[in-house]
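Heads up: the structure comes next, in structure tokens.
Bear in mind that the values in this text are calculations on the coordinates, not laboratory data. Bear in mind that the values here come from a model prediction, so they are computed numbers and not experimental data. Positions of Cβ are backbone-derived with ideal geometry, glycine not excepted, and every protein chain shown enters the neighbour counts.
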Amino acid sequence: MAHRKFNPGIVLAYIVLSIGAFSMAIPFIWMLSTAFKTPSQVFVIPPKWIPSPIITDNFKKLFSLMPFGRYYFNSIFVSVTGTFGRLLLAILTAYAFSWLEFPGRDKIFILYLATMMIPFHVRLVPMFLIMRALRWLDTYYVLIIPGLFSVYAAFLLRQFFLGIHRDLIDAATIDGCNSWTILWRIVVPLSTPAIGALGIFTFLDEWNSFMWPLIMTSSNKMRVIPVGLAFLQDQYYTDYTILMAGAVLALVPVIIVFLAFQRYFVRGIVLSGLKE
Amino acid sequence: MKRVFSGVLLVLFIMVSIGSIGYGAEKITLKFFHYLRAQEQQVMISALESFMKKYPNIEIKYEFVPESDYITKILTLLAAGEAPDVIGLKDLMIPDFALQGVLTDLDPIFKAKKGSINPMQWISPMRKHLTYRGKIYTVPEQFSPQVLYGNKKLFKDTGIEPTPQIFENLTWEGLIPLGQKLTRDTNGDGKIDVFAFGGVGGRYDDRSAIIWNYGGQLMDPNFTRWTLDTPQVAKAYQVLLDMIHKYHIIPTPEESAGVDLFSIEKMALVYSNRYNGPYYATFSWANERMFIAKAPKGPVNDRNRTSCRVMGIVSTTKHPEEAWKLICYLTNEEGFQLQAKSGRTLPWRADQVNKKFLEPWMLPFENADVYLNAISRWHGGVLPPNSDVCRKLTIDAWDAMVLKKIGVKEGLKKLNDDLNKAIKGW
């Protein structure tokens with residue numbers, strides 16, 4: 001029976017990585033623990049990681065203070081539809097800018113990219129006026145549709161699509177495939193790592209979106225979780241127990257998405273160097 | 001029969017006429033913005049609903065915006081021509097909004113004696129405080145002067161009975177020997193476990209009372225120039241820094257590590273105000289062991305500072321009369337009583353600043369006499385323009401001094417220059 005040779009370097013690496021992983025996990029453990037604490041237990045020194053007593057009142061208070069269930073539904077609905085919509089449009093845009101030939105393609109792409117340079121705050125008022133003119137303020141349209149058009153997503157996928165060997169595209173063309181078939185039968189299946197990673201980042205982007213929904217919505221029924229949680233803190237006082245209860249609930253879909261698409265996420269980062 | 005028929009017709013005519021007047025009256029919609037936390041929103045919603053019942057021809061569309069981005073949202077909506085009609089704001093926001101023309105000058109309304117608000121009924125410091133460059137743009141909504149909140153147990157553990165006499169003439173420097181007794185290493189490990197004093201933030205408004213108490217001024221009377229580079233201000237800062245570095249009765253940032261030591265009974269006294277009353281009431285030990293006491297005074301005077309929340313009418317409103325009705329209701333009638341239940345305010349009308357009016361509101365650990373003393377020691381505050389930037393600059397300067405990156409005199413000179421640059425052009 002072959003024994004693995006003891007390698008002190010690997011042991012050291014595991015120790016360092018374990019410390020790093022643990023230190024990254026501490027805020028999450030604190031969040032989870034605080035969600036089940038009474039306010040007087042929050043800042044006890046040394047910290048009590050396991051609350052005593054364990055209470056669930058913070059979750060009840062959260063739902064009594066605000067329509068958190070509605071915020072939750074809004075966040076999920078907006079994030080899921082926004083993610084699929086953005087991916088669909090990004091795939092179509094990226095394919096057009098990578099494999100379709102049309103006059104001025106690269107110049108248009110540069111112009112398209114240039115819009116990324118305009119800061120969000122500069123666009124805010126004009127965007128507000130456009131949304132008002134469309135009568136989209138305080139509706140799901142305003143929360144979903146403007147976010148579907150992402151230059152960043154299109155740029156990322158275009159670069160990935162350009163990495164697909166030309167011979168594959170040419171072979172498909174010779175076999176009689178049109179552009180639509182090439183896109184969905186060749187390009188997209190070969191790009192699943194990039195699309196998966198982009199999907200996760202898009203979901204996180206939509207899920208954590210704060211300023212856009214804050215400015216564009218006005219009624220409680222259209223608010224999303226990040227805006228709702230911001231109502232639990234002010235300059236003088238933050239009720240950490242309720243805030244952490246909200247944060248724990250807000251984290252659940254993110255963890256589910258991450259676990260479901262973890263392999264794409266890791267491969268996507270490796271392949272695209274993508275990191276937010 | 002004919003007479004009966006005519007009578008019925010007449011009654012019907014009158015009913016239809018009255019009805020048509022009712023239907024014909026235009027229903028006005030007001031947009032109301034506030035930055036209230038979730039815990040406070042229900043109180044305000046009740047007040048607004050109560051207002052709509054009283055004035056059925058006015059509909060209020062209310063919107064709460066988180067404090068962190070309140071100004072951004074209002075300015076965005078203003079730029080887009082969608083501004084609210086009535087806004088709640090901090091007193092510190094008044095200059096920025098007033099100088100940008102966002103707020104309506106309320107003086108003509110006061111002079112016309114419309115509504116139930118009369119600034120002449122306010123305590124005079126409130127009138128002075130809210131008169132910005134000769135005009136009153138807002139009316140008070142909440143008002144909380146500073147006092148000391150203490151922990152009886154931590155006093156008794158050191159053999160000190162926290163009687164009102166201890167705090168009667170307590171000075172900032174007198175706090176040092178008291179603090180040295182209260183500061184303790186309870187387990188003998190060489191580290192302090194219980195600190196005497198806290199709540200000394202770095203913002204200019206936090207620092208104002210002690211600066212006044214040592215004879216300094218934060219700004220000139222018109223709030224156009226900062227005046228922090230004086231020996232009096234340096235002395236005030238030095239006293240607080242000595243409490244941290246020399247006497248160690250206030251924890252350093254490392255020692256407190258962002259933890260509210262008062263909440264976990266590791267700090268005997270905290271310099272705070274009634275705005276935090278509902279928070280303190282959540283401490284399991286509050287009803288049994290918490291007390292309030294008079295804030296310290298200085299060698300020159302005993303002037304106190306306050307936290308104040310106000311309401312104003314946005315200058316672009318198309319319904320100033322209705323907006324004014326709403327403000328009157330929320331700050332001076334039933335709405336005020338509803339808000340007072342939130343436990344974060346004290347009265348500002350001279351006829352209400354008395355024990356009889358205050359006592360029904362007091363939480364178990366509160367004391368009306370202490371609050372009345374705090375109100376009597378308030379002479380108004382400072383309202384610089386560009387307040388967010390000024391606040392950040394004063395916090396950064398204080399942090400640098402606490403971390404000994406810069407000396408007091410040098411730090412104040414630099415801070416004063418930076419602050420004056422920040423308000424230049426406003």
- Query: Can you sort B:I375, A:I108 by how many other beta carbons sit within 10 Å, fewest first?
  - Reply: A:I108, B:I375
- Calculated on alpha-carbon atoms, Rg and Dmax of chain B in Å: 25.2, 105
- Note on the structure: For the protein assembly as shown, inverting the pair-averaged 1/r of distinct alpha-carbon atoms gives a Kirkwood value in Å of 29.5
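Counting only other residues whose beta carbon sits under 14 Å from that of B:P299, what net charge do I get with K and R as +1, D and E as -1?
+1
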- Message: Starting from the 7 Å offset along Cα-to-Cβ, what nm value, one decimal, do you get for the label separation of B:K413 and B:D388?
- Response: 3.2
- Item | A:I145-B:I395 pseudo-label distance in nm [points 7 Å out on the Cα-to-Cβ vector] | 3.9
- Using the count of nearby Cβ atoms within 10 Å as a rough guide to exposure, how do B:C390, B:C328 rank from fewest to most? B:C328, B:C390
- Taking Cα centroids, how far is the stretch B:359-426 from the stretch B:251-288 in Å? 20
- Report, for the protein assembly as shown, the % of DSSP beta bridges that are antiparallel, rounded to 5. 65
- Note on the structure: Straight-line reach check, A:K221, cutoff 14 Å on alpha carbons, 8 or more apart in-chain or any other chain, hits among aspartates and glutamates -> A:D138, B:E63
- Task: Could you name the aspartates and glutamates whose alpha carbon sits less than 13 Å from that of B:K414, not counting residues in the same chain fewer than 8 places away?
- Result: B:D229, B:D396
- Query: Roughly how many debye, to the nearest 20, is the charge dipole of chain B about its Cα centre, given +1 on each Lys and Arg Cβ, -1 on each Asp and Glu Cβ, and no other charges?
  - Reply: 960
- Additional length obtainable on full extension of the chain from B:E334 to B:H379, 0.36 nm per residue less Cα span: 13.4 nm
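How would B:E161, B:E82, B:E265 line up from fewest to most surrounding beta-carbon atoms within 10 angstrom?
B:E161, B:E82, B:E265
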- Message: What's the magnitude of the charge dipole for the protein assembly as shown around its Cα centre, counting Lys and Arg as +1 and Asp and Glu as -1 at the beta-carbon? Answer in Debye, nearest 20.
- Response: 600
- When the Karplus curve 6.51 cos²θ - 1.76 cosθ + 1.60 is applied with θ = phi - 60°, which whole-Hz ³J(HN,Hα) does each residue of the stretch A:99-116 get, with x for Gly and Pro? 10, 8, 9, 8, x, x, 4, 5, 5, 4, 5, 5, 4, 4, 5, 4, 5, 5
- With respect to the cross-link table entries B:K90/B:K355; B:K54/B:K111; A:K60/B:K61; B:K392/B:K413, which display a Cα-Cα separation exceeding 18 Å? B:K90/B:K355; B:K54/B:K111; A:K60/B:K61
- Task: Kindly give the semi-axes, whole Å and largest first, of the ellipsoid equivalent to the stretch B:310-426, taking each as the square root of 5 times a Cα gyration tensor eigenvalue.
- Result: 37, 25, 11
- For the stretch A:58-272, just list the percent of Cα-Cα distances falling in each 5 Å bin from zero outward, please. 1, 6, 13, 15, 16, 14, 13, 9, 6, 4, 2, 1, 0, 0
- Message: Please list, in order along the stretch B:245-260, the HN-Hα scalar couplings obtained from phi with the Karplus expression 6.51 cos²θ - 1.76 cosθ + 1.60 (θ = phi - 60°), rounded to whole Hz, x for Gly and Pro.
- Response: 7, 8, 9, 6, 8, 10, x, 6, x, 5, 6, 8, 6, x, 8, 7
- Note: B:K113 to B:K54 extended length (0.36 nm per residue) minus current alpha-carbon separation gives 19.2 nm
- Task: Note the full-extension length gain between A:D170 and A:A114 as 0.36 nm times their separation in residues minus their Cα-Cα distance, in nm to one decimal.
- Result: 17.1 nm
- Span from the the stretch A:147-193 Cα centroid across to the the stretch B:315-352 one, whole angstrom: 62
- Task: Taking the Cα centre of chain A as origin, work out the dipole magnitude from +1 charges on Lys and Arg Cβ and -1 charges on Asp and Glu Cβ, in debye rounded to 20.
- Result: 320
- Between the modelled labels at A:S219 and B:T131 (7 Å from Cα along Cα→Cβ) the distance in nm is 4.5
- Query: Helix-derived [θ] at 222 nm for chain B: sum -39500 (n - 2.57) over DSSP H runs of at least 4, divide by residue count, nearest 500?
  - Reply: -12500 deg cm²/dmol
- Message: I want to verify the translational diffusion coefficient of the stretch A:108-147 in µm²/s; compute it with Stokes-Einstein, Rh as the Kirkwood radius over Cα pairs, at 20 °C and 1.002 mPa s.
- Response: 190
- Note on the structure: Looking only at aspartates and glutamates whose Cα falls under 20 Å of B:K113's and that sit 8 or more positions away or on another chain, we get B:D105, B:E141, B:E321, B:E322, B:E333, B:E334, B:D351
